[in-house]
1. Any idea which of Lys355, Lys410 is basic (Lys, Arg), free of Cβ contacts under 8 Å to residues at least 60 places away in the same chain and surrounded by fewer than 18 Cβ atoms within 10 Å (Cβ to Cβ)?
2. Ser102 fails exactly one of the following numbered conditions: (1) modelled with pLDDT under 95; (2) closer than 25 Å to Gly201 by Cβ. What is the number of that condition?
3. I'd like the full set of residues that are more than 17 Å from Lys248 (Cα to Cα) and in contact (Cβ under 8 Å) with a residue 12 or more places away in the chain, limited to the range 302-326.
4. Hey, can you tell me all the residues within the range 406-421 that are more than 15 Å from Tyr223 (Cβ to Cβ) and in contact with a Phe, Trp or Tyr (Cβ under 6 Å, 6 or more places away or on another chain)?
5. On the basis of being buried (at least 19 other Cβ atoms within 10 Å of the Cβ) and over 24 Å from Val50 (Cβ atoms), does Val176 make the cut?
6. Mind telling me which of the residues Ser34, Ser102 ends up being assigned by TED's automatic domain parsing to the domain that holds Gly173, exposed (fewer than 13 other Cβ atoms within 10 Å of the Cβ) and hydroxyl-bearing (Ser, Thr, Tyr)?
7. Given the condition part of a loop (DSSP other than H, G, I, E, B) and either in contact (Cβ under 8 Å) with a residue 60 or more places away in the chain or touching a strand residue (DSSP E or B) at 6+ places or on another chain (Cβ under 8 Å) (or both), answer yes or no: does some residue in the range 111-121 qualify?
8. Please work out which residue is farthest from Val124 (Cα to Cα), limiting yourself to the range 181-204 and to residues that are surrounded by fewer than 19 Cβ atoms within 10 Å (Cβ to Cβ) and more than 14 Å from the chain's Cα centre (by Cα).
Amino acid sequence: MRIGTSNSTKILDSACVNEYKIPLIVLMENAVLSAFKHMDIEDNQKYVIVSGTGNNGGDGLGLARQLAAKDKEVEVFIVGKLEKLSDCSKIHYDILNAMEISTTVVTEENMDDLKDSIRNSDIVVDCIFGTGLEREIKGIFYDVIKIINENKNKVYSIDVPSGINATTGDILGICVNADKTISFEFYKRGFLKYSTKEFIGEVVVEHIGVPSYILDKYDDKEYITSLELVKNNIKQKNKFAFKSDFGKIALFAGSRGFTGAAYIATEAAVKAGSGLTTLITDQYVQNIASQKLCEAMTLDIDNTEKVEKLIKGCTAIGFGCGMGNSEETYNKLKYVLEKSTCTVVLDADGLNVLKDKVDLFESYPNRLIITPHLGEMAKLTGYSISHIRDNRVDVAKEFANKYKAIVLLKGYETVITDGAYTYINPTGNSAMANGGMGDTLLGMIASFVGQGIDPLMATVCGAYIHGYIGDELAENLYTVNATDIISDIQRTMKIFSE
């Protein structure tokens with residue numbers, strides 16, 4: 001699913017009209033018919049359409065006609081001056097008049113009528129502002145939205161709940177609290193901001209007839225990951241395959257008190273399909289982990305000769321889980337990067353040791369994948385956690401572009417980007433919010449990279465499958481632990497590879 005902004009909508013509309021001679025009224029009618037499919041007409045009879053005077057309002061006026069044609073009771077309220085109706089909205093307005101479907105222009109004097117109609121309706125359809133809203137809502141528009149929120153039974157917003165900036169997700173003074181948002185052509189980027197979640201309700205994205213070659217031409221290269229994308233990138237196991245075809249992985253992880261991190265990361269890599277997996281750790285952790293790991297090998301990190309030989313032949317390396325935030329860990333990281341040539345996935349202490357030392361990234365362009373949570377990203381960038389939370393996509397893309405790295409910024413709707421292409425992960429849930437999840441994810445991503453999957457796609461697939469398993473398990477479990485995820489990786493991978 002594509003992600004787009006307010007500007008994306010303007011560009012697509014302009015391209016359709018000016019380059020490909022598709023009349024805007026045709027696109028609007030397609031939008032009307034697409035929205036109509038989600039009006040739940042089998043279960044509802046009374047509709048109130050609240051429209052503005054722009055093209056979003058035109059969607060509402062056209063929708064009123066379609067609902068009336070299905071013998072639904074429809075009341076139409078227009079907020080704004082009729083002389084400001086857009087050209088397409090004026091066409092729909094004239095059609096309603098010809099059909100003798102009455103419309104009411106909202107004024108301060110008839111607010112009570114609007115309130116009563118909303119209270120008596122099954123569904124209010126919000127078409128006041130579309131994707132172009134950038135100014136703070138005031139005056140009669142503010143009052144109308146307040147009335148909708150205080151008196152609605154259900155409200156469905158067309159394209160964007162009125163009050164949200166479609167690009168930034170900022171709430172511009174007040175916002176319609178939608179139960180459902182029917183958006184066109186792409187998921188709006190502003191919906192990714194956490195503070196919008198209480199306003200957008202269920203989001204559905206409908207296509208309105210913009211040809212795919214136009215969408216491709218003006219693509220922002222930001223997407224929500226789909227199951228199909230993941231399936232298309234998972235490496236297939238054919239009957240002629242050897243273990244050498246699925247990579248040689250090394251994982252640097254663990255320290256006293258954190259043996260679990262080493263075990264979890266290593267076991268996740270094994271279960272995700274690595275051909276050969278070796279845990280490289282200190283002797284204390286090795287003695288414990290080697291008794292638990294059956295399919296993976298272990299190696300003492302102080303055996304410099306063997307470590308160097310191993311990592312020179314690796315197809316991917318994972319580094320950082322449970323190693324400790326110390327100068328010693330930083331020196332180990334520098335050593336690994338200097339002696340290896342493959343992609344290195346960094347998490348936890350592999351990131352913590354880089355606070356105030358991010359210039360290390362400049363020496364290894366196109367080799368690093370980082371998987372920070374908000375706190376770790378704050379240490380790397382110097383931004384506050386609140387700033388990162390409100391600007392997750394932009395912060396991740398900025399870092400990826402600056403250092404030529406792949407960034408996986410953890411959290412609800414995890415962001416994965418190489419700076420050019422960005423994917424938002426739709427899987428995962430709060431039942432997974434416990435220790436070891438990051439270790440599991442690192443092991444899976446390192447495994448996928450090592451198997452030969454493109455590093456960006458390996459990161460996208462790792463995040464999706466990790467969360468997908470968590471979602472399935474959370475249907476029956478209050479808490480989903482790392483070992484629960486690991487135990488289900490093989491079954492899920494089998495399904496995804498078929």
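The values are calculated or read from the model by the stated rules, or taken from the named source; none is laboratory data. Keep in mind that what you see is a predicted model, and the values were worked out from it rather than measured. Every residue, glycine among them, receives a Cβ derived from its backbone with ideal geometry; neighbour counts consider all protein chains shown.
1. Going through Lys355, Lys410 in turn, the sole match is Lys355.
2. Here Ser102 meets the rest and fails (2).
3. Matches in the range 302-326: Asp302, Gly320, Cys321, Gly322, Met323, Gly324, Asn325, Ser326.
4. Across the range 406-421, the qualifying residue is only Val407.
5. So Val176 does not fit the description; no.
6. Ser102
7. Checked against the condition, which is being part of a loop (DSSP other than H, G, I, E, B) and either in contact (Cβ under 8 Å) with a residue 60 or more places away in the chain or touching a strand residue (DSSP E or B) at 6+ places or on another chain (Cβ under 8 Å) (or both), the range 111-121 yields at least one hit.
8. Ser195
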